[in-house]
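A quick write-up on the structure given underneath.
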Amino acid sequence: MDMLEAYRDAVKTGKRHDPNIVSEADAPCKENKWFGDDIDLNKFPTPLGRLGDSARYINQAGINICQTPDGKWTNWSTNRGCIVDKDTMTGLWLRKTQHNGIIHEMWDKEGKDMPFAIALGVSPAVATQAASRIPDWVDEYDVASALMDAPLDMVKCETNELLVPADSEIVIEGTVSITDKKIDGPFGEFPGYLFEDAKGPAPVMKITAVTFRNNPILPLALPGVPTDTTHICMGFFGGADITDTLQDAGLPVIDALMTFESALHWTVVRVHSDWHKRTGLNTDDFIKKIAEVFWEKNKHVGHTVAKIIVVGEDIDPSRPDLISWAFATRNHARDGTYFFDYKGFYGTGLEAYTNVNEHLSHTSSGLCIYSCLASKERMGFNRPLIMRFEDNYPPILQEKVLKNLERWGFDSD
């Protein structure tokens with residue numbers, strides 16, 4: 001959580017810098033180029049990742065880049081994309097719920113196929129933003145340059161006007177059709193499941209150019225049962241954006257994390273101990289306010305989360321042991337569980353429990369917040385003493401024990 005706070009501070013204190021547009025000679029991703037008949041995605045050693053995957057997914061750890069027709073918003077995102085044949089792919093461009101799909105829909109209204117690029121093998125600063133949950137109409141480039149407080153080296157694509165990170169390993173360019181579709185899936189996704197019937201039409205992506213470094217590295221991320229790289233990237237940076245969203249709404253939130261061990265299906269929100277004094281709200285109204293901000297005020301940050309656990313100051317969201325303890329001993333199974341209905345929200349849709357009706361209606365009664373705070377009947381009472389070494393033993397005794405541990409060769413941490 002200290003790392004998350006340092007990341008948030010870097011983004012907030014850094015400044016947005018215009019991109020440093022480099023020449024092709026200074027862009028490693030331009031060392032090799034394929035056009036026309038030379039394009040052959042099958043030349044890259046893309047594995048069939050897991051038993052059950054329907055195709056070779058070349059885009060697992062890259063970023064999709066697209067831009068609104070008016071050029072005012074450029075989006076970076078992480079979405080799967082598979083090889084159909086030498087110069088054709090399919091990918092997820094999910095309308096209504098994901099920024100890249102929202103932009104694809106704008107191109108549809110213009111009656112034009114959408115230019116795109118996939119940058120494979122990008123710098124950590126770029127990858128962080130592709131996994132973030134920043135608001136609509138904010139460029140991920142802007143946040144990445146603020147994070148670094150420096151311009152990023154970018155270079156123009158060969159067959160469209162999009163800019164890509166110059167140090168990418170591989171860049172795939174083309175257009176996303178607004179009419180043509182092919183069946184995509186099944187694919188083993190980050191909740192840790194592969195449903196054999198999870199397949200459907202996805203937009204066809206026609207490849208117009210491929211550029212790459214000499215001896216390029218093809219990055220992969222094979223999601224599955226937690227914890228893996230997918231959970232870390234999405235949970236960490238999603239947690240930072242959730243924290244910002246709740247704090248910007250004036251809620252006394254310390255931090256939040258989409259927990260890795262839950263495959264991002266629990267979001268733990270930590271609040272200040274004096275939240276009642278700061279807000280003037282009782283527990284019921286405070287939980288309802290969190291729900292309103294999370295699922296209604298900022299639809300992008302909350303659209304994949306169905307379950308929130310609200311904890312007090314002493315519970316570190318990155319500690320599964322403390323979360324389990326708090327959930328088991330502080331959440332009242334009936335009175336401490338709050339259910340909500342918000343149109344368009346039902347979690348990821350990739351859980352093992354989501355039913356057909358929820359997929360069709362895009363709504364669910366399964367959104368809930370588990371409160372591990374004092375019930376409204378106990379408001380104003382002193383909290384119970386915590387039977388923990390650092391909370392319940394005199395400092396002089398703690399010091400003596402720690403010194404003995406060190407003297408005996410144990411790690412005092």
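The values are calculated or read from the model by the stated rules, or taken from the named source; none is laboratory data. Only a predicted model underlies this, so the values are computations on that prediction, with no experimental measurement involved. Note that each Cβ is placed from the backbone with ideal geometry, even for glycine, and that neighbours are counted across all protein chains shown. Ligands, DNA and RNA are stripped out before the accessible areas are found, and what is left, the full protein with its side chains, is counted by its heavy atoms. Shrake-Rupley method; radii C 1.70, N 1.55, O 1.52, S 1.80 Å.
Things to note:
- Qualifying residue in region 299-306 (condition: touching a strand residue (DSSP E or B) at 6+ places or on another chain (Cβ under 7 Å), in contact (Cβ under 8 Å) with a residue 12 or more places away in the chain and buried (at least 20 other Cβ atoms within 10 Å of the Cβ)): yes
- Hits in region 53-80 - residues which are under 17 Å from the mean Cα position of the chain (by Cα), of a type outside the set (S, T, N, Q) and not in a loop (DSSP other than H, G, I, E, B): ILE63, ILE65, TRP76
- Listing of strands (runs of 3 or more DSSP E) fully contained in region 124-208 that carry 1 or more residues being over 22 Å from LEU222 (Cα atoms) and at pLDDT below 90: none
- Pairs with Cβ under 9 Å, 6+ apart, first in region 93-122 and on the phi > 0 side of the Ramachandran plot, second open to solvent by 10 Å² or more (accessible area, probe 1.4 Å) and assigned to a helix (DSSP H, G or I): LYS96/ILE102; LYS96/GLU105
- Candidates are the residues of region 262-290 that are part of a loop (DSSP other than H, G, I, E, B) and open to solvent by less than 30 Å² (accessible area, probe 1.4 Å); the one that is farthest from PRO317 (Cα to Cα) is ALA263.
- Screening the candidates ILE63, ILE118, ILE103, ILE83 for the property of being modelled with pLDDT of 90 or more and in contact with a Cys (Cβ under 7 Å, 6 or more places away or on another chain) yields one hit, ILE103.
- Considering only residues in region 291-310 that are part of a helix (DSSP H, G or I) and not aliphatic (A, V, I, L, M), the one that is farthest from the chain's Cα centre (by Cα) turns out to be GLU292.
- Test: ALA144 is in contact with a helix residue (DSSP H, G or I) (Cβ under 7 Å, 6 or more places away or on another chain), open to solvent by less than 10 Å² (accessible area, probe 1.4 Å) and under 29 Å from GLY239 (Cβ atoms): yes
- Selection count, region 209-261, where residues are assigned to a loop (DSSP other than H, G, I, E, B) and of a type outside the set (S, T, N, Q): 17
- Restricting attention to region 164-194 and to residues that are open to solvent by 20 Å² or more (accessible area, probe 1.4 Å) and touching a helix residue (DSSP H, G or I) at 6+ places or on another chain (Cβ under 8 Å), the residue that is nearest to LEU41 (Cα to Cα) turns out to be GLU169.
- Given (1) crowded, with 21+ Cβ neighbours inside 10 Å; (2) more than 17 Å from LEU162 (Cβ to Cβ); (3) of a type in the set (A, V, I, L, M), index of the condition LEU48 fails: (1)
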